[in-house]
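Input: a single structure, listed below in structure tokens.
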Amino acid sequence: MKHRAVMETEPVEKRHVKINNEATDDVRDVIEAKATPYTGNLNVPRNNLDVSRSSSSSSLASSIQNDELGKNGICPEDTLSNDSEAVLDEIQKGPTRYLPAVNVPEKIILCIDLSEDPNYTPFKLGDGTKYAPLYMIKRVAEIFINSKNLINKNHEFALVVLQTDTVAWLRDFTNDPHDIISVLEDMSETQQGDIFDLSTLFDIITDHISFPQISEPNVTPPPFVVRVVLLYSRSHCVPKFVHGRESLTLLLSSDYFTLDILYIHEDPSEANKCEEIFSVLDDLDDRGFSYVLDVPRNTTKLHDNMAKLLGHPLQRPIQKVAYYKLELQEIR
């Protein structure tokens, strides 16, 4: 399978996700974007559309992307375009879910990796205070839960933890944020194993969920949708399917399922496997509805990227056309 993403020392989105601009602090104040999939009337400022990743975003990402373009006989500069029609044509090629764009309740499964990188780099705040990665992951998870609950009190949350080489379903679905957060507070780090089996993760998820059966799915909103939010934080352990990927295939066969991923990692280097890990995570959903984000040890960008996952799967745009800055436009 052709890889669609590349790693970078700054947060990287999917490589085929071309125009995710950096979120500002305003993003954390915007609880949920009521965005619908692309239509012919989509109004996006031309200057905000970029069909290639900026070379200034990361020298690592640029070099990898340019190398692959070169192998295919494409000059990197040729991927840039000022033609808004060409860009909008690219947008139209994106996947579409033919479901009502309604803020139905979500059943959100938070999958939090407890594994600790050896000799990890801590997150550092502006005042110099340092925190372990798991501490910061728990904080952004708590903000996410409370924000989603503020949007819709009927959203439910379940908690799964990734331990050294096992998976545990810690808390079943509840719409009480305090139930989940109290369990979050009690979690502690585990050692990092050599292998993490993704089969066990998706097996346990399929054992605990079912999808609604709708006779006219294009017309009738479902009573709920299911979303997995995977927070993977290993820089040296490449996840793989040891016992098959049938469970994931079954989950992805439903339009009522979404898999989002936030990969928290060390700065990519020859001493770790961050690039390989991100490539595996990016390839999990080949439909194109997932948001796959990553962040190194940057506190602001960790919060920014977690905020990008607040949007409802049936209402948000695909990641390829997501835009996080407010633009003043003339009203005619």
Segment 243-332: GluC sites (Glu not before Pro) falling in loop per DSSP and having at most 10 other Cβ within 10 Å:
E270, E327, E330
Burial ordering of R139, R287, fewest other beta-carbon atoms within 10 Å first:
R287, R139
Just subtract the alpha-carbon distance of T249 and E276 from 0.36 nm times their residue separation and send over the number in nm, one decimal.
7.6 nm
Per residue, how much space in cubic angstrom lies within the convex hull of the C-alpha atoms of segment 216-291?
98
Between segment 173-252 and segment 296-332, what is the separation of their alpha carbon centroids in Å?
23
Starting with the fewest neighbours, write out F157, F211 ranked by other beta-carbon atoms found within 10 Å of each beta-carbon.
F211, F157
Once both labels are modelled 7 Å past Cα along the beta-carbon direction, what's the A168-Q191 spacing in nm?
1.7
What pairs from K124/K308; K107/K301; K148/K240 go past 28 Å between their alpha carbons?
K148/K240
Calculate how large, on average over all directions, the projected area of the Cα convex hull of segment 102-316 is; give the answer in nm² to one decimal.
11.7
Residues Y323, Y263, Y135, Y98 in order from fewest to most other beta-carbon atoms within 10 Å are Y98, Y135, Y323, Y263
Note, A132: beta-carbon cut-off 12 Å, +1 each Lys/Arg, -1 each Asp/Glu, net +2
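Every number here is computed from the coordinates shown, using simple stated rules; none is lab data. All values reported here derive from a predicted model rather than from experimental measurement. Glycine gets a Cβ as well: all are built from the backbone with ideal geometry, and neighbour counts include every protein chain shown.
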